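**Student:** Handing you a structure now.
Every number in this text was worked out from the coordinates using simple rules, so none of it is lab data. Here the structure is a predicted model, which is why all the values come from computation and not from measurement. We place every Cβ from the backbone using ideal geometry, glycine too, and count neighbours over all the protein chains shown.
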Amino acid sequence: MRGIEGAQEVVKIVVTVSLMVALIFVALWIWPEDQAHPLGNLVSTGELKVAGVTLTGQRLLTIGTAIVVAIVLRFILRGTRLGIAMRAVVDDRSLLKLNGGRPDRTSMLSWALGASLAAVSGVLLASEQAPSVIPLTLLVVNAYAAAVVGRLRSIPGAFAGSIVLGLAISYVGAYTPADAAWGPIALDNLQRAVPAIMLFLVILAQPQVRLRAHSLQRARRPMPVPNQRLAAIGGLVLVATVVGIGSLMSGPDQNTLLKGFGFAIATLSLVPLTGYSGQISLAQLTFTGIGAVVMASWGASGDVFWVFVAVAVCSAVGALVALPALRLSGIYLALATAAFAIFCYWMVFQQQDVMPGSTASVPYLKIGPLEVGSDFGQLVVLAVAFAVIANVLVALRRSAWGRRLTAMRDSPVACATLGLNLMSTKVGVFALSAAIAGAGGALAGRTFVVDDFGLDQSLPITMLAVVGGIGSVGGALLGGLLLGVAPIATTALAANAIGVFRVLQRLGHPGDLGHAGLHGDRPRAHPRRCRSRHRGRLPGLLPLREAIAAAIVAAAALWLAARTELIANWGLFAAVVVLAFAVLPVLPAILPPPGENRRGRVGPTAVWLVVLLAVTALIPWENAIGSTGFRLIAILGWTVLGALTTLGILGLDPTGRLNVSGASPDHIGLDSSLGDAEAMVAAAEVGVDEELLSVPTPVALEVLRGGGDR
């Protein structure tokens, strides 16, 4: 967390959510759910009767621990220097540092103290019930529902909120009949929705968040405005790629990729909401579920008209959610959307009238006389829908309203000062985001179960949207597909016959997986340093249109060979890997820059590349290597070997240390430009002053030869 100090609230929330998701899967990896069992009572003896109620020793231990923790925390925060420093970090971190405090160490101790108390509560809870990772983790909603009573600052308020929440859950469970209903809404799950209802109501009762201009945030470069022409070309390429690859996949894999594109559209809905406007939502799959339920209930015929109806319903619901959330920001907005997701899960999707049998079957799409009849057809529909929505978002970003969204993200107080209507802007972007997510559900063309719309399923959507790039449609595609096609990778690893991945798993440390869920702003190397680091390596490898065209032709030829069953699917996969990492990077070098002579090497290199691709595609990878893990490693090794051989034939050196081109060692590096810092060092070494460095190159060379006027 120290690495993102000063970042926006959205970044901090997403980082903690990502860390939570990562730790959930690490815990499930170390302690599988089927091996979980209660710890047993920590205190087996002792009972106390209070007002006719018998309290066991375990319950007395829990109550006593809570009281002791509250008293100790009150003393630490109010009566010690550490507690004062903790409160000062919240108010003004820089001022604390100016007064001799150590904000970094104080924050570290705060995290340690909070994590330790959470661990104590986990031990006390697991002694009475089976320790299930996801339900125990999602108790964070209950914790916040109690803590926000004290506005996350008051220990007595949080303690009182805990008592009220616990009593409300107990009373609702004890006095609500099993067949109770409020009109058409069954109340059998009301007890489980109480924390979400209390959290939402308490958050709405909080005073409106003030616009603050003095808080220091990390400066960042403005996000570049996307190119509409490039987005259109990318959409066409995406659809063509889906048509080509999807036609070669089996039915189950097509269904998995279909799920991945559904996640991609849900992730795309966060681009205008979080990427453009800086708002946070943890309930995107809830809107996807609403769209799916509307389409399954009303549009069972698959007519495209009901897709627009589902989008309109989701847009209206998103606007209604935005109205009470207008006065919220940061963590309160994230908690409000999380509470909405939990409420809908228990009180909407669990209704038998809404999802009979806890399932919702979304039909294939029908557009007039055209009717989709397979997963492959629906996959193409989703690819087209993603491309269309992505281009609409790019056009939106380039419009005046898109500039208003980015202005609201960068400085809400400046927007309010200039007279911009933040209320209508927030409502509009929430409605747009909900409509996009609902379109993903209405176009899914598959069967959903109620667990698909839980909060634990929405959290990875937000995480992978940021990992892929929250402000770009390409990042949304990457994040959604990563989440959707994970079962394919899991199946590949499960089919590992020899166990190479099990060996690697034992060699690695479980804690390393936690970094997979993190995302923060890291300082990047200066471009000038990057240029100097790679100077002298692979000269002249610039992207050329001819090289790109050749790569497209090669990929199309490989796909056609796989389509006509001349090569197997594993051969196609291996050939594509070789094409991407061993052939494409050196294709521009076959056409050398002007003035560079590589005559005699272009022909053999071109022949070798064709032979390399052909041999790679024809190797029977699946029959030769039974283990999926070793098969992937063999393909990787073959790719590296092919790349090194290609560089050797072409006369290039991947390390920059050897003279493979036959030129004099004295001339190596002379065709590369120096950075300013390197030029100064070189000038000092040869005795050239700084004035000469500003002289144009031909004049400077003349001066160095002695023929010019100094």
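**Student:** Order of 229-237, 413-421 by packing, highest average Cβ count within 10 Å first?
**Tutor:** Peptide ranking by packing, descending: 229-237, 413-421.
**Student:** Would you grab the residues whose amide H sits under 5 Å from the one on LEU282? Only those 5+ places off in sequence or on another chain, please, with H modelled 1.01 Å from N.
**Tutor:** THR337, ALA338
**Student:** Give the cross-link partners of LYS366 among the lysines, using a straight C-alpha distance below 21 Å as the criterion and excluding same-chain residues fewer than 8 apart.
**Tutor:** LYS259
**Student:** Using θ = phi - 60° and the Karplus form 6.51 cos²θ - 1.76 cosθ + 1.60, what ³J(HN,Hα) does each residue of the range 352-358 get, whole Hz, x for Gly and Pro?
**Tutor:** Once θ is set to phi - 60°, the couplings for the range 352-358 become 5, 6, 8, 10, x, x, 6 Hz.
**Student:** Could I ask something else about it? For the range 447-457, what does the Karplus curve 6.51 cos²θ - 1.76 cosθ + 1.60, with θ = phi - 60°, yield as ³J(HN,Hα) per residue in whole Hz, taken in order and with x for Gly and Pro?
**Tutor:** 9, 9, 10, 5, 5, 5, 10, x, 4, 5, 8
**Student:** Please arrange ILE389, ILE649 by how many other C-beta atoms lie within 10 Å of their C-beta, fewest to most.
**Tutor:** ILE649, ILE389
**Student:** Starting from the Cα-Cα distance between ALA549 and SER94, subtract it from 0.36 nm times their residue separation and give me the gain in nm to one decimal.
**Tutor:** Length gained, ALA549 through SER94: 158.3 nm.
**Student:** Convex hull over the alpha-carbon atoms of the range 228-491: what's its volume per residue in Å³?
**Tutor:** Each residue corresponds to 123 Å³ of Cα convex hull volume.
**Student:** Calculate the FRET efficiency for LEU644 and LEU167 from the Cβ-Cβ distance with a Förster distance of 60 Å, rounded to the nearest 0.05.
**Tutor:** Step by step, r from the Cβ atoms, then E = 0.30.
**Student:** If R₀ is 35 angstrom, what is the calculated FRET efficiency for the pair ASP410 and ALA115, using the beta carbon separation as r and rounding to 0.05?
**Tutor:** On the way: r = 33 Å, r/R0 = 0.94.
So, using R0 = 35 Å, E works out to roughly 0.60.
**Student:** Length gain on complete extension for the stretch VAL123 to SER297, per 0.36 nm per residue less the alpha carbon to alpha carbon distance?
**Tutor:** 58.2 nm
**Student:** While we're on this one: Tell me, what is the percent relative contact order of the range 228-491, built from C-alpha pairs under 8 Å that lie six or more residues apart?
**Tutor:** Result for the range 228-491 is 42 percent.
**Student:** Also, I was wondering about something else. Would you work out the charge dipole size for the range 332-417 about its Cα centre, treating the Cβ of every Lys and Arg as +1 and the Cβ of every Asp and Glu as -1, and quote it to the nearest 20 debye? Working shown, then result.
**Tutor:** Working: 6 positive and 4 negative charges, 110 e Å.
Dipole size: approximately 520 debye.
**Student:** Quick check: Cα centre of the range 56-98 to Cα centre of the range 165-200, how many Å?
**Tutor:** The two parts, judged by their Cα centres, are 32 Å apart.
**Student:** Still on this model: If you plug each phi of the range 225-236 into the Karplus form 6.51 cos²θ - 1.76 cosθ + 1.60 with θ = phi - 60°, what whole-Hz ³J(HN,Hα) values come out, in order, with x for Gly and Pro?
**Tutor:** My calculation for the range 225-236 gives 6, x, 8, 5, 5, 5, 5, 5, 5, x, x, 5 Hz in order.
**Student:** Express in nm, to one decimal, how much length is gained between VAL69 and ALA634 on full extension, taking 0.36 nm for each residue of separation and deducting their alpha carbon distance.
**Tutor:** 197.8 nm
**Student:** Also, I was wondering about something else. List the lysines whose Cα sits under 23 Å from the Cα of LYS12, skipping any in the same chain fewer than 8 residues away.
**Tutor:** Hits, sequence-local ones excluded: LYS97, LYS426.
**Student:** Only Lys, Arg, Asp and Glu count, each charged at its Cβ (+1, +1, -1, -1), so figure out the dipole size of the range 228-491 about its Cα centre, rounded to 20 debye.
**Tutor:** Computed charge dipole of the range 228-491: roughly 900 debye.
**Student:** Using the count of nearby Cβ atoms within 10 Å as a rough guide to exposure, how do LYS259, LYS97, LYS49, LYS366 rank from fewest to most?
**Tutor:** Going from least to most buried by this count: LYS49, LYS97, LYS366, LYS259.
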